[in-house]
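The values are calculated or read from the model by the stated rules, or taken from the named source; none is laboratory data. Please read all numbers here as calculations on a predicted model, not as lab measurements. With ideal geometry, Cβ positions are generated from the backbone for all residues, glycine too; neighbour counts draw on all protein chains shown.
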Amino acid sequence: MIPKHCSCLQVKDYLPYFGSKLTARTQPECSMTAVWGHLFQRQGLFPTPTGRHALWYFLERVDLQAGDEVLIAAYNFYVIVRLVVQKGLVPVFVDIDPETLCLDATDLAQKVTDRSRLVIVTHMFGNPANLTEIGAVCRQHELLLFEDCAHGVGTLWETEQVGQAGDGALFSFGVEKLINTFGGGMLVLSDHLAAGYGPPPHPVSKLTSFMDTFGRCIRSVLTAPRLYGWTLYPATRLGERALPQLREWIIPAKDDPDYRFASQSRAPFKPFMKQMQALQLARLAENISRRRDIMRQIKTRLSHVAEIAFLDEDKHGRSNGSYFGIVVPDPAALARHLARHGIGSNPQEYYDCAALAQFSAYRTPCTHAGYTSDHLLRLPSYPWLRAAEIEHIGHTIEAFWHG
Ligand SMILES: *Cc1c(COP(=O)(O)O)cnc(C)c1O
């Protein structure tokens, strides 16, 4: 079984976590700069409980009024849109560039109004957005710019780590992210917004904190390449029929109309996370180059298949290859075909949020976001894939159309 996603953790990456359970925690302060400073020119790097907390804190930090408009890509993780709505702001959906899956600068310029205050740009799948033109629109209309870099560790806009082109950025270290520390996030602020800032206190019970982090630790163990096929994979199959809660725990929904951000439901950022990040950052270049290599091999292998359209991941810099997507006529049918051959994939990684029922008050037609939502298939691209597995993926996709 080749899963869609696999944990990139090695055994030694778990040691800081279990070490922190065994020894007294002696490092109360988390200096993110010590771990991340080499990637950023900015000083304002703050640990947060999750990536979404970083956006929430940013929205509290900047001076926005209820009813202010937030320009945001329609093809998006619905949680980010939900936070905007929950804050009393008005999401204005902007179409995407189908080659990068990121906010389209031309459509952005057309959607600006007198009420626009903030642009949220996502480096979707780890592909750098067109920050040159998006930044120019923001400067021209004096809009705040926030970057969602949940997929973007090691993504370069031109030659610079993304997350420092505007006023703020979020990073996420959840279990499906390129750097996984069983949760945790980071808020990046411009020097101006960072001056005198500290994230709010995050008091949660020891039990909540432990259950949250340990649960994610277990999930990471079970998505190790050699374990997944025997544990979570059969469990998700079972969960499809019998245990929806189990399935929700393993694969959280990508469109939950009842979701509301609750700050205290998650563990705080813990000192071991910083140590885990340092271990994984030391391998970042290798991880990215392997992912990009796999992506390139599969694209080359399938370049003659007329039914497939590929993205242009490096259009505005260098993608980190954290997610790999192809565009096909019927992704659900191809996903079923791949599953029959032991290959995991996801025909609905994200939705066109401008068309979701939960955001119907803000509905806007976004042609490319709608098309992408209906036609994109996410394929495996994690660095443990072996040559034979890569060939199996390429061959199986080709055989779907050409026997
Ligand atoms: C995971 C993710 C987030 C938020 O991260 P959490 O740490 O889960 O809050 C934000 N945006 C995108 C695109 C993501 O994939």
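For Cys138, the conditions (1) assigned to a strand (DSSP E or B); (2) out of contact with any Asp or Glu (no Cβ under 8 Å at 6 or more places or on another chain); (3) closer than 23 Å to Asp63 by Cβ are fulfilled apart from (1). When the residues of the stretch 16-47 are filtered to those that are modelled with pLDDT of 90 or more and hydrophobic (A, V, I, L, M, F, W, C), the one that is surrounded by the most Cβ atoms within 10 Å (Cβ to Cβ) is Leu45. Picking from residues in the stretch 31-87 that are closer than 14 Å to Leu189 by Cα and among the hydroxyl-bearing types (Ser, Thr, Tyr), the one that is farthest from the ligand (Cβ to nearest atom) is Thr33. When you scan the stretch 311-331, do you find a residue that is of a type outside the set (Phe, Trp, Tyr), within 19 Å of Leu103 (Cβ to Cβ) and assigned to a helix (DSSP H, G or I), even just one? Looking for residues that are of a type outside the set (Phe, Trp, Tyr), within 19 Å of Leu103 (Cβ to Cβ) and assigned to a helix (DSSP H, G or I), one finds none in the stretch 311-331, hence no.
Pairing residues of the stretch 274-295 that are within 22 Å of Arg378 (Cα to Cα) with residues that are in a helix (DSSP H, G or I), at Cβ distances under 8 Å and at least 6 apart in sequence or on separate chains, gives Asn287/Gln280; Ile294/Ile390. Just wondering, is there one or more residues in the stretch 302-316 that are surrounded by 17 or more Cβ atoms within 10 Å (Cβ to Cβ), among the hydrophobic types (A, V, I, L, M, F, W, C), closer than 23 Å to Phe93 by Cβ and under 22 Å from the mean Cα position of the chain (by Cα)? Checked against the condition, which is being surrounded by 17 or more Cβ atoms within 10 Å (Cβ to Cβ), among the hydrophobic types (A, V, I, L, M, F, W, C), closer than 23 Å to Phe93 by Cβ and under 22 Å from the mean Cα position of the chain (by Cα), the stretch 302-316 yields at least one hit. When the stretch 274-283 is filtered for residues that are aliphatic (A, V, I, L, M) and crowded, with 17+ Cβ neighbours inside 10 Å, the ones remaining, listed by number, are Met276, Leu279, Leu281.
So which residues in the stretch 328-383 are exposed (fewer than 15 other Cβ atoms within 10 Å of the Cβ) and either within 21 Å of the chain's Cα centre (by Cα) or within 16 Å of the ligand (Cβ to nearest atom) (or both)? Listed by number, the list is empty, since nothing qualifies. Comparison of Thr159, Thr155 shows that the only residue that is over 29 Å from Ala357 (Cα atoms), within 16 Å of the ligand (Cβ to nearest atom) and among the hydroxyl-bearing types (Ser, Thr, Tyr) is Thr155.
The set of residues in the stretch 126-159 being among the acidic types (Asp, Glu) and modelled with pLDDT under 95 consists of Glu158 alone. The set of residues in the stretch 367-402 that are outside any helix (DSSP H, G or I) and polar (S, T, N, Q) contains only Ser381.
Those helices (runs of 4 or more DSSP H) of the stretch 149-236 in which 2 or more residues are surrounded by fewer than 21 Cβ atoms within 10 Å (Cβ to Cβ) and among the aromatic types (Phe, Trp, Tyr) occupy 206-222. Looking across the stretch 284-305, just one residue is more than 13 Å from Ile326 (Cβ to Cβ) and not in a helix (DSSP H, G or I), and that is His304. Kindly indicate the residue of the stretch 98-107 that is crowded, with 24+ Cβ neighbours inside 10 Å and not aliphatic (A, V, I, L, M) and also farthest from the ligand (Cβ to nearest atom) among those meeting that condition. Among those that are crowded, with 24+ Cβ neighbours inside 10 Å and not aliphatic (A, V, I, L, M), it is Asp104.
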